[in-house]
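Written out below as structure tokens is the structure these notes cover.
Each value in this text was obtained by applying a stated rule to the coordinates, not by laboratory testing. All values derive from a computational prediction rather than experimental measurement. Methodologically, a virtual Cβ is constructed for each residue, glycine included, from the backbone with ideal geometry; neighbour enumeration extends over all protein chains shown.
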Amino acid sequence: MAMISRRAFTLAAASLTVFTLGASGCTKNSDEIVVGAYLSLSGSDSTFGTDTKDGIELAVQEVNAAGGIKGKKVKVLYEDDKSTPQEASNKVRQLIDRDKVVALLGEVASSRSMAGGLIANTKKVPMVTPSSTAVEVTKDREWVFRTCFTDAQQGDVAARFVWETLKKKKVGLFYAAQDNYSSGLAQSFKDSFKKLGGEIVIDKGFQSKETNFTTYLNEIKGAKPEAIFVPIYYNDMVQVARQAKQADIPGTMFIGGDGWDSADLTEGAGAELEGAYFTNHYAPDVPWPNSAAFLKAFKGKYNHDPSSLSAQGYDAARLLFDAITRASEPTPAGIKAALEQTKDFQGATGTLTIDKEHNANKPIVVVQIKAKKFTYHSQLMSK
Amino acid sequence: MKLLEALMTGLTQGAMVALVALGYTMVYGVLKLINFAHSEVFMMGAYIGLFAILGLGGAGNPVIAGVAGTVIAMIGSSLIGITVERVAYRPLRGRGKGALTRITPLVTALGVSVLLQNLAQLLFSARFRPYPQLFTGTLHLPVVGGLSTSRAFILVASIVIMVGLELLVQRTWFGKAMRALSTNEEAARLMGIRTSRVIAMTFALGSSLAAIGAVLFCLDQSQAYPTMGVVIGTRAFVAAVLGGIGNIKGAMLGGLLIGVLGEMVKLTDYSGGVDVLVFVVLIVVLLLRPAGLLGTSRVEKV
């Protein structure tokens with residue numbers, strides 16, 4: 001027993017030495033601007049990471065094709081956080097201490113952006129998250145920025161859309177009670193909708209990983225709402241939509257949030273959700289000049305439509321490169337100052353301005369599901 | 001009306017949980033081993049069923065795809081169950097002393113569970129894969145109101161399977177061997193029962209029940225994904241313990257009880273905490289009857 005463990009220890013120590021030696025081998029090239037990206041490239045949310053990476057890669061390719069930034073090539077180092085917050089903070093530490101990156105891109109999930117952001121903030125390296133919507137991500141973190149809207153802004157826009165555009169006055173809420181994203185969005189919708197004068201006729205939370213929604217849906221149907229706000233992720237929504245159809249609730253009743261944004265939703269329950277709306281960052285057919293250009297470039301490189309995550313990854317990277325160009329010198333402090341001054345940046349996901357809280361002021365898109373496709377419906381400005 | 005609908009939903013939900021719970025309880029009955037890999041066999045069954053059903057034409061060919069797909073899933077899961085037993089549990093049997101005879105296979109079972117889950121992620125990716133919809137429409141029954149065709153089918157199928165299993169255990173030679181093994185493995189072997197074969201058969205039977213449960217579960221309300229076993233596996237395990245682990249009727253009762261209780265909680269304001277109540281009930285039952293509802297605690301002879 002003792003011998004085995006000693007052998008295992010020696011082995012581990014040896015491999016550790018090799019690893020450190022290998023890592024210290026890469027030196028900094030002064031002709032390059034090195035940016036770090038930490039993403040969920042494997043694990044449960046691997047599609048989040050890989051989609052975002054596709055967007056970033058496109059941005060890097062474009063910038064370098066145009067001659068780089070002030071004559072220097074941009075290089076992005078990718079690290080996989082395996083979809084866990086612990087790994088996210090490890091990877092951020094590695095990127096800053098070992099690779100000496102001047103700025104960071106990442107993550108998609110708010111929990112991991114919060115873990116990584118904590119390190120970036122203490123080590124004073126600016127970080128731009130493309131897709132983390134939880135309010136806390138940028139709160140009291142002066143080195144963390146985001147290029148997407150927050151859950152509070154999204155819930156408010158959804159409420160205004162239901163009240164002003166759809167003119168519905170009685171709404172039911174259905175959300176994952178233990179999920180921060182889902183219950184947070186439901187809460188902000190509820191607050192805004194009540195302020196507008198609307199009525200929440202039923203408020204129902206379900207347990208995470210629940211798959212049988214019939215009893216809930218029957219009860220919601222019994223409360224006779226005119227619309228049902230369901231801010232949950234697409235994989236749950238497929239089942240909710242299928243079981244709603246069995247319970248005779250039409251798809252047009254449903255309103256969702258950006259958690260719906262996945263081709264898997266329309267593949268699994270496109271017919272059931274015909275006519276449903278959801279708030280999102282982007283839609284392939286948004287009428288913004290840069291979106292069309294992005295769509296064309298993305299399709300040319302990858303041969304498929306970009307997801308919203310790809311568009312946001314692209315925008316976050318472009319915005320960061322734009323800030324590095326404007327910065328007096330390409331150091332973390334210089335880039336941070338330039339990021340703070342970002343105004344009317346023309347992105348693929350709309351025109352955005354970074355506000356005092358380091359959040360993005362930008363339009364929020366309302367998407368409608370038509371013939372199993374996400375189609376642009378309208379846009380509302382976040383307040 | 002609302003209560004009755006919830007009751008029917010609860011019964012179908014419980015019937016599926018019971019199908020999975022039977023696998024836990026049968027293996028425990030013969031080996032005194034909690035087979036934590038069972039929930040992963042369930043998950044594998046869901047994947048095999050999905051690919052088989054899609055391969056056989058999916059929603060365009062519902063009857064043949066459904067039946068043949070389920071049979072293929074059962075065969076596939078049985079093979080996985082037998083392999084797990086052969087590779088991971090059998091080499092450990094009869095080795096170690098005292099507490100180790102129980103703990104070593106338990107840890108191995110946890111290991112196999114992690115292995116299968118990661119294997120599924122490697123082979124099929126972490127994507128959620130929706131099943132084709134083979135059942136559509138709703139039956140309008142007197143008294144209970146609307147019940148979807150898929151749920152009606154689940155209820156009928158589960159009852160038939162459970163009655164069949166009860167007959168198998170009580171009336172056939174194999175069932176007798178299983179019961180003998182559960183009473184005393186040593187004595188059963190001395191009586192000429194080939195224990196290894198009976199154990200392998202038990203794994204095959206439990207796994208194929210899990211596969212039926214998985215296909216029905218996915219057809220009705222879930223997608224296939226690598227960690228799907230954990231959700232229903234936990235409930236099934238609780239159902240088995242609640243009913244008295246090792247007791248087949250207990251697993252059925254436990255499953256139905258958990259299903260119905262869960263649906264009743266959903267009607268209250270605490271709808272987000274179904275599992276909280278399920279576990280409270282479990283604790284209360286175990287405090288009052290440590291061996292579960294139908295379990296009998298035997299005195300261990302030294």
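Backbone phi angles across segment A:113-126, fed through the Karplus curve with coefficients 6.51, -1.76 and 1.60 (θ = phi - 60°), yield HN-Hα couplings of 5, 5, 5, x, x, 4, 5, 4, 5, 5, 8, 6, 10, x Hz in residue order; Gly and Pro are listed as x. What do you get for trypsin sites (Lys or Arg not before Pro) in segment B:201-302 restricted to DSSP loop and a cutoff of at most 16 other Cβ within 10 Å of the site's Cβ? Those satisfying the criteria are B:Arg298, B:Lys301.
Using C-alpha pairs below 8 Å separated by at least 6 residues, the relative contact order for segment A:151-280 is 25 percent.
The rule of thumb for compact globular proteins, 2.2 N^0.38 Å, goes into the C-alpha radius of gyration of chain B 1.00 times.
Legend: Rg and Dmax of segment B:1-108, from Cα coordinates, 18.0, 57 Å. For chain B, the relative contact order is 36 percent, taking Cα pairs closer than 8 Å that sit 6 or more residues apart in sequence and dividing their mean separation by the residue count. Placing a label point 7 Å from the Cα of B:Ala59 along the Cα-to-Cβ direction, the residues of segment A:267-311 with a backbone N closer than 17 Å are A:267-276.
Assign one of three labels to segment A:151-280, namely rounded, prolate or oblate, based on the Cα gyration tensor with a ≥ b ≥ c the square roots of its eigenvalues; rounded applies when a/c is under 1.5, prolate when it is not and a/b is larger than b/c, and oblate otherwise. Because its axes are fairly even, with a/c under 1.5, segment A:151-280 counts as rounded. Averaged over the residues of peptide A:201-210, the number of Cβ atoms from other protein chains lying within 10 Å of each residue's Cβ is 5. Computed extension gain for B:Arg127 through B:Phe174, at 0.36 nm per residue and net of the alpha carbon distance, reaches 12.9 nm. Taking amide H as placed 1.01 Å from N in the peptide plane, B:Thr138 has its amide H under 5 Å from the amide H of B:Thr149, each at least 5 places away in sequence or on another chain. Under 16 Å from a point placed 7 Å out from the Cα of B:Lys2 along the Cα-to-Cβ direction: which residues of segment B:249-286 have their backbone N that close? Hits in segment B:249-286 for B:Lys2 at 16 Å: B:263-272. For the protein assembly as shown, rounded, prolate or oblate, judged on the Cα gyration tensor with a ≥ b ≥ c (square roots of eigenvalues), a/c < 1.5 rounded, else prolate if a/b > b/c? It comes out oblate by the Cα gyration axes.
A simple charge model with +1 on the Cβ of Lys and Arg, -1 on the Cβ of Asp and Glu and nothing else charged puts the dipole of segment A:151-280 at about 560 debye relative to its Cα centre. Taken along the Cα-to-beta-carbon direction at a fixed 7 Å, the label points for A:Asp355 and B:Leu92 span 5.6 nm. Looking at chain A, the DSSP beta bridges with both ends there are about 40 percent antiparallel. Subtracting the Cα-Cα distance of B:Ile103 and B:Val67 from their residue separation scaled by 0.36 nm leaves 9.0 nm.
Ranking A:Ala176, A:Ala134, A:Gly36 by Cα position along the charge dipole of chain A, where only Lys, Arg, Asp and Glu carry charges on their C-beta atoms, puts A:Gly36 farthest toward the positive end. Principal-axis analysis of the Cα atoms of chain A puts helix A:151-160 at an angle of about 30° to the longest axis. Loop-located trypsin sites (Lys or Arg not before Pro) in segment A:124-200 (DSSP state not H, G, I, E or B) with no more than 11 neighbouring Cβ atoms inside 10 Å: A:Lys167. Taking amide H atoms as placed 1.01 Å from N in the peptide plane, the amide H of B:Leu294 lies under 5 Å from those of B:Gly244, each 5 or more residues away in sequence or on another chain.
Couplings for segment A:189-204, taken from phi via the Karplus curve 6.51 cos²θ - 1.76 cosθ + 1.60 with θ = phi - 60°, read 4, 4, 4, 5, 5, 5, 4, 6, x, x, 10, 9, 7, 8, 9, 10 Hz in order; Gly and Pro are left as x. Spin-label pair B:Val144-B:Ile159: with each label point 7 Å from Cα along the Cα-Cβ axis, the two points sit 0.8 nm from one another. Here's the list of lysines a cross-link from A:Lys124 could span, going by alpha-carbon distance under 21 Å and ignoring same-chain residues fewer than 8 apart: A:Lys28, A:Lys75, A:Lys91, A:Lys100, A:Lys139, A:Lys336, A:Lys356. For peptide B:264-273, the mean count of partner chain Cβ atoms within 10 Å of a residue's Cβ comes to 5. Amide H contacts of B:Ala224 (H built 1.01 Å from N, in plane; Pro and chain starts excluded): B:Arg129, B:Tyr131 sit under 5 Å, all sequence-distant by 5 or more or on other chains. Beta bridges from DSSP with both residues in the protein assembly as shown: antiparallel share about 45 percent, rounded to the nearest 5. Phi angles across segment B:209-222 convert, under the Karplus curve 6.51 cos²θ - 1.76 cosθ + 1.60 with θ = phi - 60°, into 3J(HN,Hα) values of 5, 4, 5, 4, x, 5, 5, 4, 4, 6, 4, 8, 8, 9 Hz, Gly and Pro given as x.
With contacts taken as Cα pairs under 8 Å and at least 6 residues apart, segment A:258-371 reaches a relative contact order of 34 percent.
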